[in-house]
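Please treat every number below as a calculation from the coordinates, not as lab data. All values derive from a computational prediction rather than experimental measurement. Neighbour counts run over all protein chains shown; Cβ positions are idealised from the backbone, glycine included.
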Amino acid sequence: GEGGGGGECSGDAAMWSARYGMAYAYMPLRNRILLAGGFDRDHIRKQDVWGSDDGGTCWFQLTADSDGAATSGYYGASLVVATLGGVEILVLAAGYDGGFLSSVYRSVDGGAIWEVIASSGPMWPGRRDSALVYDLANTRLAIMGGYTSDYVNDFWTADVTPLFAVRFP
């Protein structure tokens, strides 16, 4: 089918700006497509998060500031949906904001509110354009490859069960 540009939606439907290098994911329990960050035509790094609950016809902005820190935006990040016991958590990791990021953020409300989970320390080196996957059978998050100051072929994993332990009010 055709993609939505907001024109098929009722009212004053918005649409995310043209961009590349954005993170994206699908939440099967919410039937939500998500798009986050990216680099626009004016060479501005975006940090907004958009969602569609109708297969991409209508889009709505979930947040203009995905990490709550009013940073300069990012591109090349990875977004994955981790599920456990019928709960979906969004995990946004890595990217580039003028420097290579190793940060990890989570959202438990479908993409509107984000909190930082980790931002340095004994994690993977900062990177962009990596692959991020969720291993449900072992409740592990894995990040691999991408670009740091060079192309990398490393593989890092982390237990995701702590992400489900603390909930937002």
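The simple spin-label model puts a point 7 Å past each Cα toward its Cβ; for D135 and L29 those points are separated by 2.2 nm.
Near A25, once Lys and Arg are set to +1 and Asp and Glu to -1 for all other residues with Cβ below 14 Å from its Cβ, the sum equals +1.
Less than 5 angstrom separates the built amide H of S103 from those of A94, all sequence-distant by 5 or more or on a different chain.
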